[in-house]
Amino acid sequence: MFSKKTVLIFAGILLITVNIIFLTITIRRPPSFGLGRVMIAFAAPFQDLASRAVKGVRETWRNYFSLVSVAEENQRLKQLLGQAAEDSILQRELELENKRLRDLLAFQRSLPHPAIAAQIIAKDPSAWFNTVIIDKGAADGLRKGLPAVTSRGIAGQVVEVSAHQSKLMLIIDRNSAVDALVQRTRARGIVKGAERDDCYLDYVMHEDEMRVGDGVVSSGFDGVYPKGLLIGTVAAINFQGSDFFKEVRVTPSVDFDTLEEVLVILKPTPRVPTDRK
Amino acid sequence: MRFFFYIATCLGLVVCQTALIPRLPAMGNFFDLLLPLVVYLAAFRPLHESVPFVMFLGILMDNLSGGAFGLYLTSYVWLLIGVRLATSVIRADNPILLVTLIMAGVLLQNVIFFGALAAAGPNLPHPGDALRVITEQIGWVLLVGPFLAVFMQHARRFMGKRMQRADAGPPAAAR
């Protein structure tokens with residue numbers, strides 16, 4: 001009855017008309033059935049996932065750069081902290097050194113002769129001897145036999161001198177000997193070095209009175225150490241009735257483990273006798 | 001050139017021993033760090049090379065120490081002789097042998113020092129203290145010795161290669 005072409009045109013016009021009518025209706029009054037909610041409920045999780053993924057990637061990307069800068073900043077802050085800690089240690093060291101040197105300076109003023117401060121730069125390589133190397137030598141006026149002291153007492157004497165360094169034998173060395181007096185009773189003896197950073201006061205007569213805790217000072221008779229400098233304190237006294245001498249252990253007043261600076265007393269050179277006529 | 005290398009090594013060890021180690025806690029009785037060097041020279045280097053340098057080491061240490069002059073020299077020379085004799089019958093490649101030789105060196109040195117102190121006068125160290133010092137030193141050798149032995153073997157190989165290169169002369173391109 002109708003040709004195929006006519007049917008297609010008619011169907012096209014009908015579809016457009018229905019579409020226009022539908023759109024006219026839906027524009028004026030939105031549909032209220034629940035399909036929209038279903039569709040949203042169906043799509044939303046995926047949208048959410050995609051959205052989170054994008055956000056995640058974006059944030060990771062942003063955080064990465066942020067982390068890089070934070071890491072750099074962290075590194076820089078760590079360096080600053082290390083530097084500050086180093087400065088702090090250095091400052092503390094300087095403070096301590098300053099205090100020690102002030103003590104030495106105050107002590108130096110009380111000495112009868114001029115003195116020069118020297119730093120200990122090395123210790124004896126052997127475990128059997130107690131000598132140290134100090135950073136002052138002949139160029140600074142040092143010579144063999146000069147006494148070295150600290151504000152806490154006698155340290156030792158110069159036994160070898162080079163141009164800018166000297167070797168100092170500490171009073172705890174076995175070869176060291178200091179003529180000494182027990183301060184309270186004036187009992188006399190020779191302080192000799194021994195093991196374990198201790199000394200012994202030898203040749204103390206058995207009748208000489210002393211007790212643990214008595215101070216031991218230099219007598220000045222040995223011609224090396226000025227009189228009255230503290231050596232240490234009596235730590236123990238061993239004496240048996242038949243002995244001629246007392247065995248007296250003396251704890252030095254100087255802590256040789258932590259000794260870092262000494263004052264070398266520049267005594268005037270002893271006058272060498274000229275040829276006798 | 002080789003002697004400069006030895007002198008630099010020796011100075012480094014001396015500085016370590018006298019200025020660094022004494023400042024570290026619990027290391028007051030560390031063994032003489034030059035003993036391994038003497039063992040190395042005696043075991044792996046020819047006499048004409050080892051003898052003058054061992055003498056130099058001994059004289060240097062004697063001057064730095066407060067003991068009688070010649071104590072270190074004596075201990076080093078006797079250690080040199082002992083190690084030469086030992087390595088003439090046993091191969092010194094073995095790290096255990098090297099550690100044993102260092103330990104023997106520590107003992108020998110302490111015996112010489114103790115003997116010198118005994119000869120010097122009655123003011124001898126207390127035997128208990130002496131034993132403690134020697135035990136601590138041996139302990140340090142046991143702890144550090146294996147590393148030193150391995151280092152010595154590497155040094156020996158390194159020096160051997162250098163010697164071969166030196167014997168072969170300059171490369172052809174340079175001739």
Response to the item:
Counting only residues that are at pLDDT below 90 and among the hydrophobic types (A, V, I, L, M, F, W, C), the stretch B:101-118 contains a total of 7
Worksheet item: Any residue at all in the stretch B:79-98 that is within 30 Å of residue A:121 (Cβ to Cβ), within 14 Å of chain A (Cβ to nearest Cβ) and not charged (D, E, K, R)?
Response: no
Worksheet item: Mind checking which residues of the stretch B:76-98 are buried (at least 16 other Cβ atoms within 10 Å of the Cβ) and assigned to a loop (DSSP other than H, G, I, E, B)?
Response: B:92
Worksheet item: Looking at the stretch B:99-122, which of the residues that are without any contact (Cβ under 8 Å) to a residue 40 or more places away in the chain and surrounded by 17 or more Cβ atoms within 10 Å (Cβ to Cβ) is farthest from the other protein chains (Cβ to nearest Cβ)?
Response: B:100
Worksheet item: Does any residue of the stretch B:41-52 turn out to be loosely packed, with under 14 Cβ neighbours inside 10 Å, within 14 Å of another protein chain (Cβ to nearest Cβ) and either more than 22 Å from residue B:142 (Cα to Cα) or under 12 Å from the mean Cα position of the chain (by Cα) (or both)?
Response: no
Item to complete: Just name the residue that is surrounded by the fewest Cβ atoms within 10 Å (Cβ to Cβ) out of those in the stretch A:98-132 that are of a type in the set (Gly, Ala, Ser) and either modelled with pLDDT under 80 or within 21 Å of the chain's Cα centre (by Cα) (or both).
Response: A:110
Practice prompt. Out of the residues in the stretch B:123-145 that are facing chain A (nearest Cβ under 8 Å) and in a loop (DSSP other than H, G, I, E, B), state the one that is surrounded by the most Cβ atoms within 10 Å (Cβ to Cβ).
Written response: B:125
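Rundown of residues vs (1) without any contact (Cβ under 8 Å) to a residue 60 or more places away in the chain; (2) of a type in the set (Phe, Trp, Tyr); (3) more than 28 Å from residue A:170 (Cβ to Cβ), yes/no style:
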{"position": "B:22", "(1), (2), (3)": "yes, no, no"}
{"position": "B:26", "(1), (2), (3)": "yes, no, no"}
{"position": "B:29", "(1), (2), (3)": "no, no, no"}
{"position": "B:42", "(1), (2), (3)": "yes, no, yes"}
{"position": "B:45", "(1), (2), (3)": "no, no, yes"}
{"position": "B:49", "(1), (2), (3)": "yes, no, yes"}
{"position": "B:55", "(1), (2), (3)": "yes, no, yes"}
{"position": "B:60", "(1), (2), (3)": "yes, no, no"}
{"position": "B:72", "(1), (2), (3)": "yes, yes, no"}
Worksheet item: Just checking, which of B:139, B:58 is within 28 Å of residue A:258 (Cβ to Cβ) and out of contact with any Asp or Glu (no Cβ under 8 Å at 6 or more places or on another chain)?
Response: B:139
Fill in: Yes/no for residue B:61 being within 12 Å of another protein chain (Cβ to nearest Cβ), over 19 Å from residue B:138 (Cα atoms), assigned to a helix (DSSP H, G or I) and within 16 Å of the chain's Cα centre (by Cα)
yes
Practice prompt. Give the residue that is nearest to residue B:158 (Cα to Cα), with candidates limited to residues of the stretch B:15-34 that are out of contact with any Leu (no Cβ under 7 Å at 6 or more places or on another chain) and in a helix (DSSP H, G or I).
Written response: B:15
Worksheet item: Under 8 Å by Cβ, and 6 or more places apart or on different chains, what pairs join a residue from the stretch A:115-126 that is farther than 15 Å from residue A:160 by Cα with one that is part of a strand (DSSP E or B) and among the charged types (D, E, K, R)?
Response: A:117/A:261; A:119/A:261
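Yes/no per residue for (1) more than 14 Å from chain B (Cβ to nearest Cβ); (2) touching a helix residue (DSSP H, G or I) at 6+ places or on another chain (Cβ under 9 Å); (3) over 20 Å from residue A:242 (Cα atoms); (4) touching a residue at least 24 places away in the same chain (Cβ under 8 Å):
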| residue | (1), (2), (3), (4) |
| --- | --- |
| A:174 | no, yes, yes, yes |
| A:180 | yes, no, yes, yes |
| A:184 | yes, no, yes, yes |
| A:199 | no, no, yes, yes |
| A:203 | no, no, no, yes |
| A:209 | yes, no, no, yes |
| A:212 | yes, no, yes, yes |
Discussion item. Scan the stretch A:207-216 and tell me whether some residue there is in a strand (DSSP E or B) and surrounded by fewer than 22 Cβ atoms within 10 Å (Cβ to Cβ).
Written reply: yes
Worksheet item: (1) closer than 29 Å to residue B:136 by Cβ; (2) within 14 Å of another protein chain (Cβ to nearest Cβ); (3) buried (at least 21 other Cβ atoms within 10 Å of the Cβ): which one isn't true of residue A:158, the others all being true?
Response: (1)
Worksheet, complete the sentence: When every residue in the stretch A:134-155 that is among the aliphatic types (A, V, I, L, M) and surrounded by 21 or more Cβ atoms within 10 Å (Cβ to Cβ) is compared, the one farthest from the other protein chains (Cβ to nearest Cβ) is A:149
Worksheet item: Looking at A:237, A:190, which one is surrounded by fewer than 21 Cβ atoms within 10 Å (Cβ to Cβ) and either at pLDDT 90 or above or touching a His at 6+ places or on another chain (Cβ under 8 Å) (or both)?
Response: A:190
Worksheet item: Just one of the numbered conditions (1) in contact with a helix residue (DSSP H, G or I) (Cβ under 6 Å, 6 or more places away or on another chain); (2) under 18 Å from residue A:173 (Cα atoms); (3) more than 14 Å from chain B (Cβ to nearest Cβ) is not true of residue A:115; which one?
Response: (2)
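The values are calculated or read from the model by the stated rules, or taken from the named source; none is laboratory data. The shown structure was predicted, so the numbers you read here are calculated from the model rather than taken from an experiment. FYI the Cβ positions are ideal-geometry reconstructions off the backbone, even for glycines, and counts take in every protein chain you see.
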